[in-house]
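Every number in this text was worked out from the coordinates using simple rules, so none of it is lab data. The structure displayed is predicted, hence computed values, not measured ones. Backbone-built Cβ (ideal geometry, glycine too); neighbour counts: all protein chains shown.
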Amino acid sequence: MFAEERYRQISSLVSADGRVTVAGLSSRFGITKETVRRDLALLENDGVLRRVHGGAIAGSGATTNEPSLTSRSSQHSPEKKRIAQAALAMTPATGAVVLDAGSTTGALAEVLADEARPGLAVVTHSVPIAALVSGAGGSVELVGGRVRALTSAAVGSSTVAHFSRLRADVAFVGANGIAAGFGLSTPDVDEAAVKTAIVRSARRVVLLADSSKFSEETLISFAYLEDIDALITDRAPRGSLADALSDADVEVIVA
């Protein structure tokens with residue numbers, strides 16, 4: 001079993017039972033207690049649970065839980081790679097694109113870094129994404145501001161103001177949740193303000209989101225479905241979300 005699958009099962013057990021024990025998880029997964037403790041420490045850092053003596057109990061504030069960039073990068077990796085390849089096909093050879101901070105947009109940056117596109121200008125407020133695409137042949141503009149340790153992204157009024165002055169060809173954005181009524185959301189108010197500015201900065205807006213984000217609502221809505229032109233994901237949405245995307249005339253691309 002991959003570590004990310006174990007994390008999901010532990011999260012589900014905590015949600016269902018309210019608590020888990022180190023001994024019980026060790027026996028269930030056939031791993032050492034030390035490995036269990038490391039898993040619980042990671043999940044506590046992501047706000048999923050709270051460690052107690054001998055195990056962990058359910059955390060609180062699901063709408064404000066915000067996994068670190070490192071943690072998110074290790075989750076749903078195959079899906080994000082497929083999404084990134086599909087997004088690469090939508091990336092113009094020349095012009096200007098904005099890459100939002102995030103693990104799925106980071107996956108796009110990784111494949112873009114292998115492409116020689118001297119006529120492409122990339123604008124981003126993500127420190128790791130700027131580093132990734134800096135050798136791709138085109139120009140890279142790193143938008144400044146206060147860098148959040150959790151996401152390695154610049155935020156703040158100066159960051160928002162900078163994006164507000166742009167008109168890029170395409171913006172690739174990420175989200176912590178996408179829901180029929182609530183739209184695109186994220187847990188942090190500063191990140192939300194920057195994402196709103198990015199959505200408004202481009203002629204075409206493409207959301208990169210794996211299916212684990214479907215019907216999820218985190219604290220702050222930063223855009224409505226009508227504000228995006230396309231969604232690239234790993235599985236076709238269903239039910240009310242599918243209907244809402246269709247009503248908003250959002251092109252859904254399944255990678």
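Determine, for each peptide in 141-154, 104-117, the mean count of other beta carbons within 10 angstrom over its residues, then list the peptides with the highest first. All intermediate terms of the calculation are to be shown ahead of the outcome.
Values: 141-154: 17.8, 104-117: 19.9.
Highest to lowest by the protection proxy: 104-117, 141-154.
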(message) Under a crude label model (7 Å from the Cα following the beta-carbon direction), how far is R204 from S134 in nanometres?
(response) 2.9
(message) Please report the projected area of the stretch 183-233's Cα convex hull averaged over all directions, in nm².
(response) 3.3
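I need the shape label for the stretch 140-203. Rule: rounded when a/c is under 1.5, else prolate if a/b > b/c, else oblate, with a, b, c from the alpha carbon gyration tensor.
Values: a/c = 1.92, a/b = 1.17, b/c = 1.64.
Cα axes put the stretch 140-203 in the oblate bin.
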(message) What does the extension gain come out to for R238 and S12, with contour length at 0.36 nm per residue minus their alpha carbon separation?
(response) 79.2 nm
(message) Per 0.36 nm of contour for each residue apart, how much would the distance between S246 and S158 grow if the chain were fully extended, relative to their Cα-Cα spacing?
(response) 28.2 nm
(request) For the chain, set up a Gaussian network in which alpha carbons nearer than 10 Å are linked by springs, and say which option among G174, G137, G18 fluctuates the most. (result) G18
(message) Suppose R0 equals 35 Å. What FRET efficiency, 1/(1 + (r/R0)^6) with r the Cβ-Cβ distance, do T21 and V111 give to the nearest 0.05?
(response) 0.25
(request) Consider the candidate values [x] 20.4, 66; [y] 18.8, 57; [z] 19.6, 67; state which one is Rg and Dmax of the Cα atoms in Å computed from the structure displayed. (result) [y]
(request) May I ask for log10 I(q)/I(0) of the stretch 1-45 at q = 0.25, 0.27, 0.30 Å⁻¹, from a Debye sum over the Cα atoms as equal point scatterers with solvent left out? (result) -0.91, -1.07, -1.33
(message) For the chain, what is the number of Lys pairs with C-alpha distance below 20 angstrom, counting only pairs 8 or more positions apart or on separate chains?
(response) 4
(message) Compute the helix-to-body angle for 189-200: its Cα long axis versus the longest principal axis of the chain, expressed 0 to 90° and rounded to tens.
(response) 30
